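Single-structure report; data block below.
The values are calculated or read from the model by the stated rules, or taken from the named source; none is laboratory data. Since the model is a prediction, treat every value here as computed from it, not as a measurement. Here Cβ is always computed from backbone atoms with ideal geometry, including for glycine, and neighbour counts include all displayed protein chains. What goes into the accessible areas is simple: the full protein's heavy atoms, side chains included, and nothing from ligands, DNA or RNA. Shrake-Rupley method; radii C 1.70, N 1.55, O 1.52, S 1.80 Å.
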Amino acid sequence: MAFQLKMIIIILTALLLAGCNSDYEWGWYILSPQTETGRTNLSFLIDGFLFTLGISVTAFVLAMFAGLLVALPGLSELKGVRLINRIYVETLRSIPVLVMILWIYYGLPIVTGIELPAFAAAVVALALCESAFHAEIFRGGIQAVNSGQFEAADSLGLSYARKMQLIVLPQAIRNMLPPLANQFVYMLKMSSLASVIGVQELTRRANELQVSEYRAMEIYSFLVMEYLVLVLLFSFLARKLEKRMRQPA
(Lines give C-alpha, C1' and ligand atoms only; values in the text may rest on other atoms or scores of the structure.)
Protein backbone atom coordinates (compact mmCIF):
# COMPACT_ATOMS: atom_id res chain seq x y z
CA MET A 1 0.00 0.00 0.00
CA ALA A 2 2.98 2.29 0.63
CA PHE A 3 3.88 2.14 -3.07
CA GLN A 4 0.38 3.21 -4.08
CA LEU A 5 0.48 6.14 -1.68
CA LYS A 6 3.81 7.24 -3.13
CA MET A 7 2.32 7.11 -6.62
CA ILE A 8 -0.59 9.28 -5.56
CA ILE A 9 1.79 11.83 -4.02
CA ILE A 10 3.91 11.86 -7.19
CA ILE A 11 0.87 12.42 -9.40
CA LEU A 12 -0.46 15.19 -7.17
CA THR A 13 2.96 16.86 -7.20
CA ALA A 14 3.11 16.59 -10.99
CA LEU A 15 -0.29 18.25 -11.27
CA LEU A 16 0.77 21.09 -9.00
CA LEU A 17 4.02 21.60 -10.90
CA ALA A 18 2.14 21.57 -14.18
CA GLY A 19 -0.12 24.28 -12.80
CA CYS A 20 2.86 26.36 -11.73
CA ASN A 21 4.66 26.05 -15.07
CA SER A 22 1.74 26.96 -17.33
CA ASP A 23 -0.34 30.05 -17.97
CA TYR A 24 -3.47 28.31 -16.75
CA GLU A 25 -4.94 29.90 -13.61
CA TRP A 26 -5.95 27.04 -11.36
CA GLY A 27 -9.18 27.45 -9.42
CA TRP A 28 -8.93 24.89 -6.65
CA TYR A 29 -11.07 27.18 -4.50
CA ILE A 30 -14.15 25.45 -5.94
CA LEU A 31 -13.08 22.30 -4.07
CA SER A 32 -11.57 23.94 -1.02
CA PRO A 33 -12.79 22.44 2.29
CA GLN A 34 -12.23 25.88 3.83
CA THR A 35 -15.22 27.43 2.07
CA GLU A 36 -18.88 26.51 2.17
CA THR A 37 -19.06 26.23 -1.62
CA GLY A 38 -15.96 24.05 -1.69
CA ARG A 39 -17.34 21.72 0.98
CA THR A 40 -20.64 21.46 -0.87
CA ASN A 41 -18.87 20.61 -4.14
CA LEU A 42 -16.61 18.07 -2.46
CA SER A 43 -19.56 16.39 -0.79
CA PHE A 44 -21.43 16.30 -4.10
CA LEU A 45 -18.51 14.62 -5.88
CA ILE A 46 -17.62 12.18 -3.12
CA ASP A 47 -21.23 11.00 -2.73
CA GLY A 48 -20.86 9.45 -6.17
CA PHE A 49 -18.67 6.75 -4.60
CA LEU A 50 -21.78 4.98 -3.32
CA PHE A 51 -23.30 4.72 -6.78
CA THR A 52 -20.02 3.64 -8.37
CA LEU A 53 -19.49 0.93 -5.77
CA GLY A 54 -23.15 -0.10 -5.87
CA ILE A 55 -23.12 -0.56 -9.64
CA SER A 56 -19.75 -2.32 -9.67
CA VAL A 57 -20.37 -4.76 -6.80
CA THR A 58 -23.91 -5.67 -7.86
CA ALA A 59 -22.97 -6.20 -11.51
CA PHE A 60 -19.86 -8.15 -10.53
CA VAL A 61 -21.80 -10.57 -8.30
CA LEU A 62 -24.44 -11.14 -10.98
CA ALA A 63 -21.72 -11.65 -13.58
CA MET A 64 -20.07 -14.29 -11.38
CA PHE A 65 -23.26 -16.33 -11.10
CA ALA A 66 -24.01 -16.01 -14.81
CA GLY A 67 -20.38 -16.71 -15.72
CA LEU A 68 -20.33 -19.92 -13.68
CA LEU A 69 -23.55 -21.14 -15.29
CA VAL A 70 -22.18 -20.41 -18.75
CA ALA A 71 -18.78 -21.94 -17.97
CA LEU A 72 -20.21 -25.36 -17.10
CA PRO A 73 -21.50 -26.13 -20.63
CA GLY A 74 -18.03 -25.18 -21.88
CA LEU A 75 -16.60 -28.10 -19.89
CA SER A 76 -18.93 -30.65 -21.45
CA GLU A 77 -17.66 -33.38 -23.76
CA LEU A 78 -20.68 -32.84 -26.01
CA LYS A 79 -19.95 -30.51 -28.90
CA GLY A 80 -23.51 -29.20 -29.03
CA VAL A 81 -23.44 -28.23 -25.35
CA ARG A 82 -20.05 -26.54 -25.71
CA LEU A 83 -21.49 -24.56 -28.61
CA ILE A 84 -23.91 -22.86 -26.19
CA ASN A 85 -20.93 -21.60 -24.22
CA ARG A 86 -19.08 -20.36 -27.31
CA ILE A 87 -22.05 -18.50 -28.76
CA TYR A 88 -22.78 -16.74 -25.46
CA VAL A 89 -19.15 -15.80 -24.76
CA GLU A 90 -18.22 -14.66 -28.25
CA THR A 91 -21.43 -12.66 -28.71
CA LEU A 92 -21.21 -10.71 -25.47
CA ARG A 93 -17.46 -10.17 -25.68
CA SER A 94 -18.01 -8.54 -29.07
CA ILE A 95 -20.47 -5.90 -27.83
CA PRO A 96 -18.96 -2.70 -26.37
CA VAL A 97 -20.13 -1.97 -22.82
CA LEU A 98 -21.38 1.51 -23.75
CA VAL A 99 -23.48 0.10 -26.58
CA MET A 100 -24.96 -2.53 -24.26
CA ILE A 101 -25.87 0.11 -21.67
CA LEU A 102 -27.61 2.24 -24.27
CA TRP A 103 -29.47 -0.74 -25.75
CA ILE A 104 -30.68 -2.03 -22.38
CA TYR A 105 -31.86 1.42 -21.34
CA TYR A 106 -33.42 2.59 -24.61
CA GLY A 107 -33.95 -0.55 -26.69
CA LEU A 108 -35.19 -3.10 -24.15
CA PRO A 109 -38.46 -1.20 -23.43
CA ILE A 110 -39.26 -1.13 -27.14
CA VAL A 111 -38.53 -4.82 -27.74
CA THR A 112 -39.95 -6.33 -24.53
CA GLY A 113 -41.97 -3.59 -22.87
CA ILE A 114 -39.70 -3.84 -19.80
CA GLU A 115 -38.45 -0.42 -18.77
CA LEU A 116 -35.61 -0.46 -16.26
CA PRO A 117 -34.47 2.46 -14.10
CA ALA A 118 -31.10 3.88 -15.09
CA PHE A 119 -29.28 2.20 -12.19
CA ALA A 120 -30.78 -1.24 -12.92
CA ALA A 121 -30.14 -0.88 -16.67
CA ALA A 122 -26.47 -0.10 -16.00
CA VAL A 123 -26.14 -3.09 -13.66
CA VAL A 124 -27.76 -5.51 -16.13
CA ALA A 125 -25.66 -4.25 -19.05
CA LEU A 126 -22.39 -4.44 -17.13
CA ALA A 127 -23.25 -7.87 -15.71
CA LEU A 128 -24.07 -9.28 -19.15
CA CYS A 129 -20.86 -8.03 -20.74
CA GLU A 130 -18.75 -9.06 -17.76
CA SER A 131 -20.31 -12.53 -17.47
CA ALA A 132 -18.69 -13.56 -20.76
CA PHE A 133 -15.23 -12.85 -19.33
CA HIS A 134 -16.13 -14.53 -16.04
CA ALA A 135 -17.23 -17.63 -17.92
CA GLU A 136 -13.80 -17.95 -19.49
CA ILE A 137 -12.07 -17.36 -16.15
CA PHE A 138 -14.19 -20.07 -14.49
CA ARG A 139 -13.65 -22.49 -17.36
CA GLY A 140 -9.89 -21.99 -17.33
CA GLY A 141 -9.70 -22.20 -13.53
CA ILE A 142 -11.68 -25.44 -13.38
CA GLN A 143 -9.68 -27.02 -16.18
CA ALA A 144 -6.47 -26.15 -14.33
CA VAL A 145 -7.46 -28.38 -11.40
CA ASN A 146 -5.54 -31.66 -11.43
CA SER A 147 -7.52 -34.42 -13.14
CA GLY A 148 -6.78 -36.70 -10.18
CA GLN A 149 -9.09 -34.54 -8.07
CA PHE A 150 -11.97 -35.28 -10.43
CA GLU A 151 -11.20 -38.98 -10.31
CA ALA A 152 -11.04 -38.95 -6.52
CA ALA A 153 -14.42 -37.22 -6.37
CA ASP A 154 -15.91 -39.78 -8.75
CA SER A 155 -14.54 -42.63 -6.62
CA LEU A 156 -16.40 -41.18 -3.63
CA GLY A 157 -19.66 -41.34 -5.57
CA LEU A 158 -20.27 -37.60 -5.37
CA SER A 159 -22.83 -36.03 -7.67
CA TYR A 160 -21.64 -33.47 -10.21
CA ALA A 161 -22.95 -30.56 -8.14
CA ARG A 162 -21.37 -31.83 -4.90
CA LYS A 163 -18.09 -32.56 -6.70
CA MET A 164 -17.92 -29.00 -7.98
CA GLN A 165 -18.99 -27.49 -4.65
CA LEU A 166 -16.76 -29.48 -2.30
CA ILE A 167 -13.67 -30.35 -4.31
CA VAL A 168 -13.21 -28.59 -7.64
CA LEU A 169 -14.32 -24.97 -7.06
CA PRO A 170 -12.44 -24.47 -3.74
CA GLN A 171 -9.22 -25.40 -5.56
CA ALA A 172 -10.08 -23.57 -8.76
CA ILE A 173 -10.77 -20.31 -6.94
CA ARG A 174 -7.08 -20.03 -6.11
CA ASN A 175 -6.30 -19.92 -9.82
CA MET A 176 -9.23 -17.63 -10.61
CA LEU A 177 -8.70 -14.99 -7.93
CA PRO A 178 -6.07 -12.85 -9.75
CA PRO A 179 -8.05 -12.54 -13.02
CA LEU A 180 -11.30 -12.00 -11.09
CA ALA A 181 -9.65 -9.20 -9.13
CA ASN A 182 -8.51 -7.64 -12.40
CA GLN A 183 -12.03 -7.89 -13.77
CA PHE A 184 -13.44 -6.12 -10.71
CA VAL A 185 -10.99 -3.26 -11.22
CA TYR A 186 -12.10 -3.20 -14.85
CA MET A 187 -15.72 -3.10 -13.65
CA LEU A 188 -14.98 -0.11 -11.41
CA LYS A 189 -13.67 1.81 -14.40
CA MET A 190 -16.42 0.70 -16.79
CA SER A 191 -19.06 1.86 -14.30
CA SER A 192 -18.22 5.40 -15.41
CA LEU A 193 -20.09 4.66 -18.65
CA ALA A 194 -23.33 4.57 -16.66
CA SER A 195 -23.09 8.36 -16.61
CA VAL A 196 -24.49 8.51 -20.17
CA ILE A 197 -27.93 7.39 -18.95
CA GLY A 198 -27.96 9.65 -15.90
CA VAL A 199 -26.73 7.41 -13.08
CA GLN A 200 -25.33 9.67 -10.37
CA GLU A 201 -21.94 7.96 -10.08
CA LEU A 202 -18.55 9.69 -9.93
CA THR A 203 -18.27 10.69 -13.59
CA ARG A 204 -21.85 11.94 -13.89
CA ARG A 205 -21.45 14.13 -10.82
CA ALA A 206 -18.20 15.54 -12.15
CA ASN A 207 -19.92 16.38 -15.45
CA GLU A 208 -22.79 18.11 -13.67
CA LEU A 209 -20.47 20.14 -11.44
CA GLN A 210 -18.40 21.18 -14.46
CA VAL A 211 -21.54 22.57 -16.10
CA SER A 212 -22.24 24.80 -13.10
CA GLU A 213 -18.67 25.76 -12.10
CA TYR A 214 -16.90 25.86 -15.50
CA ARG A 215 -13.66 24.54 -13.98
CA ALA A 216 -13.09 21.42 -16.06
CA MET A 217 -9.39 20.97 -15.28
CA GLU A 218 -9.83 21.04 -11.51
CA ILE A 219 -12.98 18.91 -11.44
CA TYR A 220 -11.71 16.22 -13.80
CA SER A 221 -8.31 16.17 -12.08
CA PHE A 222 -10.14 15.46 -8.84
CA LEU A 223 -12.16 12.78 -10.65
CA VAL A 224 -8.92 11.12 -11.78
CA MET A 225 -7.73 11.03 -8.17
CA GLU A 226 -11.04 9.54 -7.01
CA TYR A 227 -10.75 6.63 -9.43
CA LEU A 228 -7.05 6.24 -8.68
CA VAL A 229 -7.65 5.94 -4.95
CA LEU A 230 -10.60 3.58 -5.46
CA VAL A 231 -8.78 1.26 -7.85
CA LEU A 232 -5.56 1.19 -5.82
CA LEU A 233 -7.49 0.38 -2.66
CA PHE A 234 -9.28 -2.60 -4.18
CA SER A 235 -6.11 -3.77 -5.91
CA PHE A 236 -4.36 -3.78 -2.54
CA LEU A 237 -7.20 -5.71 -0.89
CA ALA A 238 -7.25 -8.24 -3.75
CA ARG A 239 -3.54 -8.91 -3.37
CA LYS A 240 -3.91 -9.37 0.37
CA LEU A 241 -6.75 -11.85 -0.18
CA GLU A 242 -4.79 -13.69 -2.85
CA LYS A 243 -1.77 -13.97 -0.55
CA ARG A 244 -3.90 -15.32 2.28
CA MET A 245 -5.59 -17.91 0.07
CA ARG A 246 -2.25 -19.18 -1.21
CA GLN A 247 -1.03 -19.86 2.31
CA PRO A 248 -1.19 -23.53 3.30
CA ALA A 249 -4.20 -24.44 5.44
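Quick one: ranking GLU36, GLU130 by accessible area, 1.4 Å probe, largest first, what do you get?
GLU36, GLU130
Taking a probe of 1.4 Å, how large is the accessible area per residue of the stretch 158-218, in Å²?
45 Å²
Suppose only helical runs count, i.e. DSSP H with n ≥ 4. What mean residue ellipticity at 222 nm does that imply for the chain under -39500 (n - 2.57) per run, divided by all residues and rounded to the nearest 500 deg cm²/dmol?
Helix-only estimate at 222 nm: -24500 deg cm²/dmol.
Per-residue accessible area for SER155 at 1.4 Å probe radius, Å² rounded to 10?
Result for SER155: roughly 100 Å² accessible.
Would you please state the base-10 log of I(q)/I(0) at q = 0.14, 0.16, 0.17 1/Å for the stretch 70-145, with intensities from the Debye formula using one equal scatterer on every alpha carbon?
-0.53, -0.65, -0.70
Tell me, what is the FRET efficiency for SER155 and ARG82 to the nearest 0.05, using R0 = 25 angstrom and their Cβ-Cβ distance as r?
0.45
How many percent of the accessible area of the chain is carbon or sulfur, using a 1.4 Å probe?
Taking all protein chains in place, the chain shows 67 percent carbon and sulfur surface.
Mind putting together the pair-distance distribution for the stretch 47-113? All Cα pairs, 5 Å bins, whole percent per bin, short to long.
Spelled out per bin, shortest first, that is 3, 14, 14, 20, 20, 15, 8, 4, 1, 0.
Under a Cβ-Cβ cut-off of 15 Å, what is the net charge of the residues other than GLY148 that fall near it, where Lys and Arg count +1 and Asp and Glu count -1?
-1
With a 1.4 Å probe and all protein chains kept in place, how do ILE84, ILE137 rank by accessible area, largest first?
Ranked from most to least accessible, the order is ILE84, ILE137.
So what is the relative contact order of the chain, in percent, for Cα pairs below 8 Å that sit 6 or more residues apart?
25 percent
Could you sort the peptides 53-64, 89-100 by per-residue average Cβ neighbour count (10 Å cutoff), highest mean leading?
Ranking, from highest mean packing down: 53-64, 89-100.
What is the ratio of the Cα radius of gyration of the chain to 2.2 N^0.38 Å, where N is its residue count, to two decimals?
Here the answer is 1.24, to two decimals.
Taking all pairs of distinct Cα atoms, average 1/r, flip it, and tell me the Kirkwood hydrodynamic radius of the stretch 140-249 in Å to one decimal place.
The Cα-based Kirkwood calculation yields 17.2 Å.
Go through the stretch 26-43 residue by residue and turn each phi into a ³J(HN,Hα) via Karplus (6.51, -1.76, 1.60, θ = phi - 60°); whole Hz please, and just put x for glycine and proline.
Each residue of the stretch 26-43 in turn: 5, x, 5, 4, 5, 10, 6, x, 8, 10, 5, 4, x, 5, 5, 5, 4, 4 Hz.
Using 7 Å Cα-to-Cβ label points, what is the ALA120/VAL57 separation (nm, one decimal)?
2.0 nm
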